[in-house]
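Heads up, the thing below is written out as structure tokens.
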Amino acid sequence: MKKFMLLSLALLAMFTLTGCDAIGTIFEAGMWWGIFLVAVVIGLIFWLLGRGRK
């Protein structure tokens, strides 16, 4: 019984850690997407300000 409990605990840990890793990857991709969008918006603002001065 103790061996079964240890095995089930190990399986549970493997499944939950894999899920956390997947969530971490999703958030990391989201972070880079957000940084890219902020850079595009800042570039667009500078372009519009430069265009307005001419």
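Just so it is clear, none of the values below were taken in a lab; they were calculated from the coordinates. Because the structure is predicted, anything quoted here is derived from the model rather than measured.
Based on alpha-carbon positions alone, could you give the equivalent ellipsoid semi-axes of the chain from the gyration tensor, as √(5λ), descending, whole Å? Don't jump to the answer; show the numbers that get you there.
Values: eigenvalues 547, 3, 3 Å².
Value: 52, 4, 4 Å, ordered largest first.
When the chain is treated as a GNM with alpha-carbon contacts under 10 Å, the residue of 43, 34, 24 showing the greatest mean-square fluctuation is 43.
Can you give the calculated 222 nm mean residue ellipticity of the chain, where each DSSP H run of n ≥ 4 adds -39,500 (n - 2.57) and the sum is split over every residue, rounded to the nearest 500 deg cm²/dmol? Kindly include the intermediate steps, with their values, before the conclusion.
Values: 1 runs with 52 residues, N = 54.
Using -39500 (n - 2.57) per qualifying helix, the result is -36000 deg cm²/dmol.
Relative to the longest principal axis of the Cα atoms of the chain, the long axis of helix 2-53 lies at roughly 0 degrees.
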